[in-house]
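Undergrad: This structure is in structure tokens; I'll ask about it shortly.
The values are calculated or read from the model by the stated rules, or taken from the named source; none is laboratory data. What you see is a predicted model; the values in this text were computed from it and never measured. Quick reminder, even Gly has a Cβ in these numbers, built from the backbone with ideal geometry, and neighbours come from all protein chains shown. Please note that ligands, DNA and RNA were not included when accessible areas were found on the heavy atoms of the full protein model with its side chains. Shrake-Rupley method; radii C 1.70, N 1.55, O 1.52, S 1.80 Å.
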Amino acid sequence: MSASTPPFGKILIANRGEIALRVIRACRELGVKTVAVYSQCDANALHVRFADEAVCIGPPAARQSYLNIPRVLSAAEITGADAVHPGYGFLAENADFARAVTEMGMTFIGPDTKNLRVFGDKLSAKDAARAAGLPLLEGSPGPVGTIDEALTIARKVGYPIILKAAAGGGGKGMRVVEDDDQLRRIFELTRTEALASFGNGDVFIERYLREPRHIEVQVAGDKYGAAIHVGERDCSMQRRHQKIIEEAPAPGLSESLRGRIREAAARLVASTGYHTVGTCEFLVEGEEFFFLEVNPRIQVEHCVTEEVSGIDLIQLQIRLAAGEPMPLRQEDVRLDGHAIEARVNAEDPWRFTPCPGQITGYHAPGGLGIRIDSAVCEGAWIQPYYDSMVAKIIAWGPTREIALSRLGRAMDEAVVEGVKTTLPLHRELLRCEEFATGRFSTKTLEVWLARRAAEGSTSG
Ligand code: MV4
């Protein structure tokens, strides 16, 4: 992307941490001025220091600062921002926020309310996917209202099934059900919880896959109907729905399956008039793939796609929001080599309990093929109020083997003192057989952790 006319004059970034810094970097290269917002405990944070302007929006608790819509909007108004970038998490998928930004005459850099209506709800997303001819798992065609209806569908689909809240996300509001009795016990409970947690009590049924791979496709659409995909990522290495390693391309997919998934994702985006960057999520089992949902935002793991495509996805997202036509045709998207990202969190590496505190010593690895996206430095504080991510360490290589070797070397080189981190976990995991061979599923990490605990390993 060339340094042509800046798409906006000034963008307010309604986020913190590495993603706020990532957006600031994109804006710098686009010639766009930036406004950071920060809570009282983030006054010395790097996103505040690197932005052109910064506004304090309240106390540390997210509800009173980064999630407080009137305060974020006031900051945008007094600084004269003409667009708002929400990053991920916080207000990124909040329809009220997107609408309020637009009603104030600014541009929301993300899905509009129409896109959010389709993809904010898993059932309407599945309707759109069905209409576009994407493969779906068998299950209820819509919300299931009564236990009798649930039992009928479950018996037809065959157990195990999974009950999902239409408005759920991040693994919340889902329950695996093995038989009629269990379904009778938890059906109403799941509905009540969905209503209480998401303000929407709709639940639906799907056939449950026990050991799928989680494959997602990066997509982008413009306001004039053009849509492209930027290849897929494998995000199967997760624990309790927290991704810890992601890579692009997905290892070991047949060329036919890889092509069909990518093409399906682009087709869905084109058919729905989706006009920002986003991710289509799929489950893969054998040579089959099934559409799950769309994440209408930039994601933590977008970096691995940037590394193999050379496309700055944040700049692309900003240009598309400004109404520029898609700058790339599908054939201009050339994917090269392999990238793997490890998320380093300030957590006990084996218990995964958060470990806030001050970083007293810090050394970021470097060298050929290594990229670090982080907003910490020596003396920085990991706050108890927010996500505990310290850094994303991303390795690129011409082959998966070389990327993996570089990532392992970078992990050994990284130093974070003062707080516990997941670095010791990564150092072991990257060298385990399942990871080396690329044959893993969404179950692998939990199984590996359980086996490791049973063997009484003491390292780390
Ligand atoms: C599933 C599934 C198996 N079968 N749906 C978890 C997050 C949400 N986006 C969808 N999820 C799942 N849906 C059916 N029908 C298994 C999961 C799942 C999972 C998916 C992706 C990555 C990690 C996961 C870990 C556990 C369960």
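Undergrad: Within the stretch 265-382, considering only strands (runs of 3 or more DSSP E) that don't extend past its boundaries, which have at least 1 residues that are among the basic types (Lys, Arg) and either open to solvent by 30 Å² or more (accessible area, probe 1.4 Å) or more than 21 Å from VAL217 (Cα to Cα) (or both)? Explain how you work it out, then say what you get.
TA: Values: elements: 277-285, 288-295, 338-345, 361-363, 370-374.
It comes to 370-374.
Undergrad: Let me ask you something else. Tally the residues that are without any contact (Cβ under 8 Å) to a residue 24 or more places away in the chain and away from the ligand (no atom under 16 Å from the Cβ), restricting the search to the stretch 423-436. Before you say what the answer is, go through the steps one by one.
TA: Pass one, the stretch 423-436, residues without any contact (Cβ under 8 Å) to a residue 24 or more places away in the chain: 431-434.
Next cut, away from the ligand (no atom under 16 Å from the Cβ) only: 431-433.
Result for the stretch 423-436: 3.
Undergrad: Could you list all residues from the stretch 186-210 that are over 29 Å from SER441 (Cα atoms) and of a type in the set (Asp, Glu)?
TA: GLU188
Undergrad: Between a first residue in the stretch 235-248 that is under 12 Å from PHE352 (Cα atoms) and a second residue that is of a type in the set (D, E, K, R) and assigned to a strand (DSSP E or B), which pairs have beta carbons less than 7 Å apart while being 6 or more apart in sequence or on different chains?
TA: Partner pairs satisfying both residue conditions: ILE244/ARG343.
Undergrad: GLY259 is checked against (1) more than 16 Å from the ligand (Cβ to nearest atom); (2) under 27 Å from GLU211 (Cβ atoms); (3) surrounded by 18 or more Cβ atoms within 10 Å (Cβ to Cβ) and fails just one. What number does that condition carry?
TA: So GLY259 meets the others, but not (3).
Undergrad: Restricting to the stretch 183-199, count the residues that are away from the ligand (no atom under 16 Å from the Cβ), among the polar types (S, T, N, Q) and either in contact (Cβ under 8 Å) with a residue 12 or more places away in the chain or open to solvent by less than 40 Å² (accessible area, probe 1.4 Å) (or both).
TA: Selection size over the stretch 183-199: 0.
Undergrad: Return the pair list, or none, for Cβ contacts closer than 7 Å from residues in the stretch 31-57 that are more than 12 Å from ILE13 (Cα to Cα) to residues that are at pLDDT below 95, at least 6 apart or on different chains.
TA: Once the first residue is more than 12 Å from ILE13 (Cα to Cα) and sits in the stretch 31-57, its partners that are at pLDDT below 95 give GLY31/ALA3.
Undergrad: From the list LYS420, LYS392, which one is in contact with a Cys (Cβ under 8 Å, 6 or more places away or on another chain), in contact (Cβ under 8 Å) with a residue 60 or more places away in the chain and open to solvent by 30 Å² or more (accessible area, probe 1.4 Å)? Walk me through how you get there before you give the answer.
TA: Numbers: LYS392 fails: open to solvent by 30 Å² or more (accessible area, probe 1.4 Å).
Criteria check complete, one pass: LYS420.
Undergrad: With the requirement that a residue be under 25 Å from GLY89 (Cβ atoms), out of contact with any Asp or Glu (no Cβ under 7 Å at 6 or more places or on another chain) and among the charged types (D, E, K, R), what does the stretch 384-434 give you?
TA: The one that is under 25 Å from GLY89 (Cβ atoms), out of contact with any Asp or Glu (no Cβ under 7 Å at 6 or more places or on another chain) and among the charged types (D, E, K, R): ASP387.
Undergrad: Can LYS243 be described as within 25 Å of VAL447 (Cα to Cα) and modelled with pLDDT of 95 or more?
TA: Values: within 25 Å of VAL447 (Cα to Cα): yes; modelled with pLDDT of 95 or more: yes.
Yes; evaluated as a whole, the condition is true for this residue.
Undergrad: For the stretch 213-243, how many residues are open to solvent by 10 Å² or more (accessible area, probe 1.4 Å) and within 16 Å of the ligand (Cβ to nearest atom)?
TA: Adding up the residues that qualify gives 8.
Undergrad: Follow-up. Answer with yes or no whether ASP52 is open to solvent by 60 Å² or more (accessible area, probe 1.4 Å) and closer than 20 Å to SER374 by Cα. Break it down stepwise before answering.
TA: Numbers: open to solvent by 60 Å² or more (accessible area, probe 1.4 Å): yes; closer than 20 Å to SER374 by Cα: yes.
The answer is yes for ASP52.
Undergrad: Looking only at the stretch 134-174, which residues are within 11 Å of the ligand (Cβ to nearest atom) and open to solvent by 50 Å² or more (accessible area, probe 1.4 Å)? Spell out how you get there, then give the answer.
TA: Narrowing the stretch 134-174 to residues within 11 Å of the ligand (Cβ to nearest atom): 136-139, 157, 160-165, 168-174.
GLU138, GLY170, LYS172, MET174, listed by residue number.
Undergrad: Hey, can you tell me all the residues within the stretch 183-206 that are in contact with a strand residue (DSSP E or B) (Cβ under 9 Å, 6 or more places away or on another chain) and polar (S, T, N, Q)?
TA: Selection gives THR190, SER197, ASN200.
Undergrad: Output yes when any residue across the stretch 404-416 is open to solvent by less than 60 Å² (accessible area, probe 1.4 Å), in contact with a Ser or Thr (Cβ under 9 Å, 6 or more places away or on another chain) and part of a loop (DSSP other than H, G, I, E, B), and no when none is.
TA: Among the residues of the stretch 404-416, at least one is open to solvent by less than 60 Å² (accessible area, probe 1.4 Å), in contact with a Ser or Thr (Cβ under 9 Å, 6 or more places away or on another chain) and part of a loop (DSSP other than H, G, I, E, B), which makes the answer yes.
Undergrad: Looking at (1) more than 16 Å from the ligand (Cβ to nearest atom); (2) of a type outside the set (Val, Ile, Thr); (3) surrounded by 20 or more Cβ atoms within 10 Å (Cβ to Cβ), which is the only condition LYS122 fails?
TA: For LYS122, the exception is condition (1).
Undergrad: Here is a check on your reading of the model: is VAL118 of a type outside the set (D, E, K, R) and part of a loop (DSSP other than H, G, I, E, B)?
TA: Values: of a type outside the set (D, E, K, R): yes; part of a loop (DSSP other than H, G, I, E, B): no.
Judged against the criteria, VAL118 is not a match.
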